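To start, the structure under review is shown below, and the notes come after it.
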Amino acid sequence: MIIITSKYLIPKGYAAVALFPFIILRGNKFKENKILINHEKIHLQQQAELLLLPFYIWYIVEFLILLIKYKNRKKAYRAISFEKEAYTHESNLEYLNNRFRWNFIKHLQGK
């Protein structure tokens, strides 16, 4: 995991993004935010499990399906299985030590 900062690489409205093996933060002030960093580390683990390209394809397809369902970008984003897992466990700084592989599957719609 490599943490870098760049306000230009982060979409507006977001503080960070995980692009294996990097966590890109909007600014230095986010480096001390352990919950945000843990959230992004969860995404790095998901990306490693799915071998990057399948992760991004799945993420985009799931988002588009949920966008059609909810007709709301924010609701669709928050309902993505990868995001639901990360938001659910971001406060548990030990989560990745005990996480089962492919655990995001438990957070798919209908589960």
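Structure values in brief
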read-out: Unique match (being open to solvent by less than 70 Å² (accessible area, probe 1.4 Å) and either within 23 Å of Leu25 (Cα to Cα) or touching a Phe, Trp or Tyr at 6+ places or on another chain (Cβ under 8 Å) (or both)) among Glu85, Glu94; value: Glu85
read-out: Candidate set from segment 53-70 (those that are closer than 15 Å to Ala18 by Cβ and hydroxyl-bearing (Ser, Thr, Tyr)); member that is least open to solvent (accessible area, probe 1.4 Å); value: Tyr59
read-out: Residues satisfying the stated conditions in segment 1-42, i.e. closer than 20 Å to Leu93 by Cβ, among the hydrophobic types (A, V, I, L, M, F, W, C) and either over 16 Å from the mean Cα position of the chain (by Cα) or assigned to a helix (DSSP H, G or I) (or both); value: Phe30, Ile35, Leu36, Ile37, Ile42
read-out: Qualifying residue in segment 23-32 (condition: exposed (fewer than 11 other Cβ atoms within 10 Å of the Cβ) and closer than 26 Å to Leu108 by Cα); value: no
read-out: Residue in segment 41-50 that is touching a residue at least 40 places away in the same chain (Cβ under 8 Å), out of contact with any Asp or Glu (no Cβ under 7 Å at 6 or more places or on another chain), within 14 Å of Ile2 (Cα to Cα) and charged (D, E, K, R) present; value: yes
read-out: From His107, His43, residue being in contact with a helix residue (DSSP H, G or I) (Cβ under 8 Å, 6 or more places away or on another chain), buried (at least 17 other Cβ atoms within 10 Å of the Cβ) and modelled with pLDDT under 95; value: His107
read-out: Residue in segment 31-47 that is of a type in the set (Val, Ile, Thr) and over 21 Å from Ile10 (Cβ atoms) present; value: no
read-out: Per-region count, segment 64-78, residues over 16 Å from Tyr14 (Cα atoms) and assigned to a helix (DSSP H, G or I); value: 7
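The values are calculated or read from the model by the stated rules, or taken from the named source; none is laboratory data. It should be emphasised that the depicted structure is a prediction, and the values quoted were computed from it without experimental measurement. We place every Cβ from the backbone using ideal geometry, glycine too, and count neighbours over all the protein chains shown. Accessible surface areas use protein heavy atoms only, side chains included; no ligands, DNA or RNA. Shrake-Rupley method; radii C 1.70, N 1.55, O 1.52, S 1.80 Å.
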